[in-house]
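Trainee: Starting off with a structure, shown below.
Only the coordinates and a few stated rules stand behind these numbers; no lab work does. As the structure is a prediction and not an experimental result, all values here were calculated from the model. Note that we place each Cβ from the backbone using ideal geometry, even for glycine, and neighbour counts take in every protein chain shown.
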Amino acid sequence: MFKAPESKYLVPYDDSFRIADAPTGPSKGKWGSKHRLKQAIEELDGLQKALYAHDQHAVLLVFQGMDAAGKDSTIRAVMEGINPAGCQVFSFKMPTSRDLDHDFLWRTTCSLPERGRIGIFNRSHYEEVLIVRVHPEILRTQKLPDTINMDTIWKQRFESIQDLEKHLARNGTMILKFWLNVSKEEQKARFLSRLDVPEKQWKFNAMDIREREFWDSYMEAYEAALNATSRRWAPWYAIPADSKPYARACIAEIIVEALGSVGLKYPQPTTEDRATFDAARDKLSDNL
């Protein structure tokens, strides 16, 4: 298993994380964030190429956050310039009828990255312990057996998530999870921007306003989920998201540090490979 990068935004593994104490804004200002991001992307480009060639590890990046936290734009900014052949992005919205015919981890498991690739989940299996916990009436649509105990279902789902993530980590998947911690005030400003700016109006969804009424319930659900599932093999990072440039720089640097710790190497040619190279070189020279 890889070593999770240390960071002041790492959610500790001892159930001590409290959202009330987690910053939503930069600790030292956002200036310089764009330069930091650019530098990190350059490093990430080289590491992604080595990951693809090494072909022994996969990377799973999970992004969660309230509406307007900046998940889409952060993914786009952090992955800018990275070879699209080595990345896979999946967005998980309302489950389909086919999804509901399987257990709650099925649809995200089907989208896990292959070895050598970076998989990105925009929302994820964590929706099942976040929005579903805030709106437990959703459970009635999930065709659960009558034997399911509704008093322990969240604890059981946390255990299932832990088991899956530990299994993936043992088998070569590096998991990094980012919660974009946006303040309620900043979310309001972003919603108003969506209403006022014509180029952003397509993003507006009246349901997002309705969900603001459940803000405190969402914060309780996030705090429970992050505490229960932040582990060394699948850490959570509570990233201050009121400044998008700052959040992007922090996330990119964490990914770079994590990939750099794996010891990625380009495959070394064997003796047989070198003989093949020499023969090909000779043939190409003759053709000239």
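Trainee: For the range 91-206, just say rounded, prolate or oblate: build the C-alpha gyration tensor, square-root its eigenvalues into a ≥ b ≥ c, call rounded for a/c under 1.5, and beyond that prolate if a/b exceeds b/c, oblate if not. Intermediate values should be presented prior to the final figure.
Mentor: Numbers: a/c = 2.00, a/b = 1.36, b/c = 1.47.
Here the range 91-206 falls in the oblate category.
Trainee: Here is a further query. Using a Gaussian network for the chain with springs between C-alpha atoms less than 10 Å apart, which of these wobbles most: LEU100, LEU180, LEU61?
Mentor: Greatest mean-square fluctuation among the candidates belongs to LEU100.
Trainee: Sorted from fewest to most neighbouring beta carbons within 10 Å, what does the list GLU114, GLU213, GLU165 look like? All intermediate terms of the calculation are to be shown ahead of the outcome.
Mentor: Working: GLU114 11, GLU213 8, GLU165 20.
Lowest to highest Cβ neighbour count: GLU213, GLU114, GLU165.
Trainee: Select from ASP15, ASP101, ASP278 the residue whose mean-square fluctuation is largest in a Gaussian network model of the chain (Cα-Cα springs shorter than 10 Å).
Mentor: The residue with the greatest mean-square fluctuation here is ASP278.
Trainee: For volume of the Cα convex hull per residue in Å³, the listed values are (i) 185; (ii) 135; (iii) 114; which was obtained by calculation from the structure presented?
Mentor: Correct label, based on the coordinates given: (i).
Trainee: If you line up the long axis of helix 184-196 against the longest principal axis of the chain, both from Cα atoms, how many degrees apart are they, to the nearest 10?
Mentor: That works out to roughly 80 degrees.
Trainee: Next question, about the same structure. Identify the trypsin sites (Lys or Arg not before Pro) of the range 33-140 meeting these criteria: DSSP loop state and at most 16 other C-beta atoms within 10 Å of the C-beta. If you can, show how the numbers build up before the last one.
Mentor: Details: sites: LYS34, ARG36, LYS38, LYS49, LYS71, ARG76, LYS93, ARG98, ARG107, ARG115, ARG117, ARG123, ARG133, ARG140; in loops: LYS93, ARG98, ARG115, ARG117, ARG123.
Those that pass, being in a loop and sparsely packed, are LYS93, ARG98, ARG115.
Trainee: If you don't mind, another one. Where does the chain land at 222 nm, in deg cm²/dmol rounded to the nearest 500, when only DSSP H runs of n ≥ 4 count, each adding -39500 (n - 2.57), divided by all residues?
Mentor: It comes out at -13500 deg cm²/dmol, rounded to the nearest 500.
Trainee: In addition: Here is the link list: LYS71/LYS188; LYS8/LYS93; LYS3/LYS34. Which ones come out longer than 23 Å on Cα distance? Before the final figure, lay out the partial values.
Mentor: Values: LYS71/LYS188 16 Å; LYS8/LYS93 31 Å; LYS3/LYS34 26 Å.
Beyond 23 Å between Cα atoms: LYS8/LYS93; LYS3/LYS34.
Trainee: I've got another one for you. Over the range 176-284, what is the relative contact order in whole percent, taking alpha-carbon pairs under 8 Å and six or more residues apart? Please list the in-between numbers first.
Mentor: Working: 54 pairs, mean separation 41.3, N = 109.
Relative CO of the range 176-284 lands at 38 percent.
Trainee: Right, something else. Nearest 5 percent is fine: what portion of the DSSP beta bridges confined to the chain is antiparallel? Let's see the in-between values first.
Mentor: Numbers: 2 of 25 bridges.
Given both bridge residues lie in the chain, the antiparallel proportion sits at roughly 10 percent.
Trainee: If you don't mind, another one. Pairs of Cα atoms under 8 Å, at least six residues apart: use those to get the relative contact order of the range 1-114, whole percent. Intermediate results must be reported in sequence, preceding the final value.
Mentor: On the way: 31 pairs, mean separation 31.2, N = 114.
The value is 27 percent.
Trainee: Run the numbers on the chain and let me know its relative contact order in percent, using alpha-carbon pairs under 8 Å that are six or more apart.
Mentor: Details: 392 pairs, mean separation 108.3, N = 288.
In percent, rounded to a whole number, it is 38.
Trainee: Sum up the charges of everything whose Cβ sits under 13 Å from the Cβ of ILE75, counting Lys and Arg as +1 and Asp and Glu as -1, but leave ILE75 out.
Mentor: On the way: positive: LYS71, ARG76, ARG123, LYS244, ARG248; negative: ASP72, GLU80.
Result for the local shell: +3.
Trainee: With a Förster radius of 41 Å, plug the Cβ-Cβ distance of ARG210 and GLU6 into 1/(1 + (r/R0)^6) and report the FRET value to the nearest 0.05. Kindly include the intermediate steps, with their values, before the conclusion.
Mentor: Working: r = 39 Å, r/R0 = 0.94.
With a Förster radius of 41 Å, E is 0.60.
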